[in-house]
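The values are calculated or read from the model by the stated rules, or taken from the named source; none is laboratory data. Since this is a predicted model, take the numbers as computed values, not measurements. All Cβ positions, glycine included, derive from the backbone under ideal geometry; neighbour counts span all protein chains shown. Surface accessibility is based on the protein's heavy atoms, side chains included, excluding ligands, DNA and RNA. Shrake-Rupley method; radii C 1.70, N 1.55, O 1.52, S 1.80 Å.
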Amino acid sequence: MNTFELLETKRRHVRKYSEKIPPLDEVKDALWKAWKTSPSKNNFNPYEVFVLGPEKQKDKDAVYSMVRKDHIRAEDDAVKSGYQNHTQDGAINPFYEHIKLNPYLVVITARVCKKANKFYDRKIAEGHHPEQMIEEKADRLVSVFAVEVGLFMQNLTNYLLEKGIDISYNSCFIRDQKQWQDAGLKWCTRMPISMMSIGYAEKTRRQTLKPLSVIEDVKPEIDEIITWL
């Protein structure tokens, strides 16, 4: 199965994971391959990957609280700004539940790089400015770091799917790391960038939607996304 077939036929948002836990060595192998093959500007890898295993349910619940809190914030802000005239009264999207109910949860945050490799040490001596190593620039550069995080997550997705392991993404959560720390997540010392859950799917999102919703819930046509100049 080539990469297109793998992603087109196997990649689905998980509504519920089974109780079966993917072998730890297979997850570690996929993480190693993603680290090994994901490109990074100047080989800095300005992000940190935290993996919460089956025994970290307390932390997963706390991460989920950051998702729930941001969902409510977004709806309240929309009403206050006049974009909406009502909220869902606290109702939370059930497709967020994979964040707290999973075998493994991966959370990726920004990282201040402590050192450069020998090649860039020489370049820095010649005048190169290593923004990835500057403390006060770490959060400002998150939008740049996020590109590399996306590449890492896509590679990780491919390697996991090859092993028959499913994943789901989430980008809706509180970005303020202080609120994460206040929730007990002391390891989150930099702005969170993205997250994904890992396990074996018992039920996918599309399997829970009504037939009409499956037909209607499609991405924009390619001409709306790609423009040839």
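Checking the structure you have, find out if any residue of segment 147-159 is without any contact (Cβ under 8 Å) to a residue 40 or more places away in the chain, under 26 Å from ASP25 (Cβ atoms) and either among the aromatic types (Phe, Trp, Tyr) or open to solvent by 30 Å² or more (accessible area, probe 1.4 Å) (or both).
yes
Any idea how many residues of segment 161-203 are over 20 Å from SER65 (Cβ atoms), touching a strand residue (DSSP E or B) at 6+ places or on another chain (Cβ under 8 Å) and in a loop (DSSP other than H, G, I, E, B)?
Of the residues in that region, 2 qualify.
Among the listed residues TYR96, TYR120, which satisfies the condition of being open to solvent by less than 60 Å² (accessible area, probe 1.4 Å), of a type in the set (Ser, Thr, Tyr) and over 18 Å from the mean Cα position of the chain (by Cα)?
Among TYR96, TYR120, only TYR120 is open to solvent by less than 60 Å² (accessible area, probe 1.4 Å), of a type in the set (Ser, Thr, Tyr) and over 18 Å from the mean Cα position of the chain (by Cα).
Could you list, in sequence order, the residues of segment 23-70 that are open to solvent by less than 70 Å² (accessible area, probe 1.4 Å), under 28 Å from ILE174 (Cβ atoms), over 17 Å from the mean Cα position of the chain (by Cα) and not polar (S, T, N, Q)?
PHE44, PRO54 - these are the residues of segment 23-70 that are open to solvent by less than 70 Å² (accessible area, probe 1.4 Å), under 28 Å from ILE174 (Cβ atoms), over 17 Å from the mean Cα position of the chain (by Cα) and not polar (S, T, N, Q).
Taking the criterion of being open to solvent by less than 40 Å² (accessible area, probe 1.4 Å) and under 25 Å from PRO94 (Cα atoms), would at least one residue in segment 123-140 satisfy it?
No, the conditions are met nowhere in segment 123-140.
Any residue that is within 17 Å of LEU185 (Cβ to Cβ) and polar (S, T, N, Q) - is there at least one of those in segment 75-84?
no
Looking only at residues in segment 100-157 that are polar (S, T, N, Q), outside any helix (DSSP H, G or I) and in contact with a strand residue (DSSP E or B) (Cβ under 8 Å, 6 or more places away or on another chain), which one is farthest from PRO192 (Cα to Cα)? So that I can check it myself, show each step before the final result.
We begin by selecting, within segment 100-157, every residue polar (S, T, N, Q); these are 102, 109, 117, 132, 143, 154-155, 157.
Remaining after also requiring outside any helix (DSSP H, G or I): 102, 109, 117.
Then drop every residue that is not in contact with a strand residue (DSSP E or B) (Cβ under 8 Å, 6 or more places away or on another chain), which leaves 102, 109.
Working: ASN102: 19, THR109: 4 Å.
Checked segment 100-157; the qualifying residue farthest from PRO192 (Cα to Cα) is ASN102.
Checking LYS20 against (1) outside any strand (DSSP E or B); (2) surrounded by 14 or more Cβ atoms within 10 Å (Cβ to Cβ), which single condition isn't satisfied?
The failed condition is (2).
Taking segment 1-17 as the search range and keeping residues that are without any contact (Cβ under 8 Å) to a residue 24 or more places away in the chain and open to solvent by less than 90 Å² (accessible area, probe 1.4 Å), which one is nearest to the chain's Cα centre (by Cα)? If you could, list the steps in order and put the result at the bottom.
Keep residues of segment 1-17 that are without any contact (Cβ under 8 Å) to a residue 24 or more places away in the chain, which gives 1-2, 4-5, 8-9.
With the extra rule that they be open to solvent by less than 90 Å² (accessible area, probe 1.4 Å), the set shrinks to 2, 5, 9.
Numbers: ASN2: 24, GLU5: 22, THR9: 21 Å.
Filtering first and then ranking leaves THR9.
Can you tell me which residues in segment 165-208 are at pLDDT below 95, surrounded by 15 or more Cβ atoms within 10 Å (Cβ to Cβ) and farther than 23 Å from VAL144 by Cα?
Once the filter is applied, which keeps residues that are at pLDDT below 95, surrounded by 15 or more Cβ atoms within 10 Å (Cβ to Cβ) and farther than 23 Å from VAL144 by Cα, segment 165-208 yields THR204, ARG205.
So CYS113 fits all but one of (1) of a type in the set (A, V, I, L, M, F, W, C); (2) open to solvent by 60 Å² or more (accessible area, probe 1.4 Å); (3) touching a Phe, Trp or Tyr at 6+ places or on another chain (Cβ under 6 Å); what number is the exception?
Tallying (1) of a type in the set (A, V, I, L, M, F, W, C); (2) open to solvent by 60 Å² or more (accessible area, probe 1.4 Å); (3) touching a Phe, Trp or Tyr at 6+ places or on another chain (Cβ under 6 Å), CYS113 fails exactly one: (2).
Are there any pairs with C-beta distances below 6 angstrom linking a residue in segment 198-226 that is aliphatic (A, V, I, L, M) to a residue that is open to solvent by 90 Å² or more (accessible area, probe 1.4 Å), with the two at least 6 apart or on different chains, and if so which?
VAL214/ARG206
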